[in-house]
1. Taking the Cα centre of the stretch 108-150 as origin and charging only Cβ (+1 Lys, Arg; -1 Asp, Glu), how large is the dipole, in debye to the nearest 20?
2. Under the rule a/c < 1.5 gives rounded, and otherwise a/b versus b/c splits prolate from oblate, where does the stretch 1-42 land using the Cα gyration tensor?
3. Order the following by accessible area, largest value first: Tyr85, Tyr54, Tyr111. Probe radius 1.4 Å; ligands, DNA and RNA are ignored.
4. Order Asp112, Asp37, most accessible first, counting only protein heavy atoms with a 1.4 angstrom probe.
5. With a point put 7 Å past each Cα toward its Cβ, work out how far Glu109 is from Tyr85 in nm, to one decimal.
6. Quick one: net charge around Ala115, please, counting Lys, Arg +1 and Asp, Glu -1 for every other residue with C-beta under 11 Å from its C-beta.
7. Under a Cβ-Cβ cut-off of 9 Å, what is the net charge of the residues other than Leu142 that fall near it, where Lys and Arg count +1 and Asp and Glu count -1?
8. Label points 7 Å out from Cα along the Cβ direction at Glu68 and Ser125: separation in nm?
Amino acid sequence: MPPESSVSVATPRGLVTITSRPPPSRRARLRVEAHRDFLAGHWAELSAAAYEGYRRHGAGAVVLWRSETPRRFRPRPFEPERLFYTTQIHNLPGTTEADFDGWEARQLETYDPDAEGLVVFVEGSGVVGYRVAGQPAPPEALRASRAREN
């Protein structure tokens, strides 16, 4: 089993733990930092989306997609163009099944949707997956989001 990289971030709603494969390069580390910032800042919404997707379609991942990879080496906030849910990660635009042969594929088979969500960032041809757990937990986040809609 490949190694994992995990970090816990304190947010106003509680702790969020973000797990992924270790980034392979300095540039990848900068993107991972931007992704972690986005995940920590938007966990309640992503958590609700992950649980709603799971309830409707089964095990899968929230996908944050943008058509281009940022060209700068310095960290920039992540700005998605689309958000959707997928149950077959290798069907993401611009990816092949080989992109998700290892760590991400195992997460799809083993994560606990009541306690964590899977989030995949697609930037141009770059694809990075994360397993995220924190407060609020996915079922709580979905209930809270629906309560706000009433």
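The values are calculated or read from the model by the stated rules, or taken from the named source; none is laboratory data. If you're wondering where the values come from, they're calculated on a predicted model, not measured in any experiment. With ideal geometry, Cβ positions are generated from the backbone for all residues, glycine too; neighbour counts draw on all protein chains shown. Note: accessible area is taken over every heavy atom of the protein model, side chains too, but ligands, DNA and RNA are not part of it. Shrake-Rupley method; radii C 1.70, N 1.55, O 1.52, S 1.80 Å.
1. Its charge dipole is roughly 200 debye.
2. Numbers: a/c = 3.44, a/b = 1.54, b/c = 2.23.
Here the stretch 1-42 falls in the oblate category.
3. Per-residue accessible area, sorted high to low, gives Tyr54, Tyr85, Tyr111.
4. Largest accessible area first, the residues go Asp37, Asp112.
5. Taking the simple label geometry, Glu109 and Tyr85 are separated by 2.3 nm.
6. Working: positive: Arg131; negative: Asp112, Asp114, Glu116, Glu140.
Surrounding charge for Ala115 is -3.
7. Working: positive: Arg55, Arg143, Arg146; negative: Glu52, Glu140.
Taking every Cβ under 9 Å from that of Leu142, the sum is +1.
8. Going from the Glu68 label point to the Ser125 one covers 1.7 nm.
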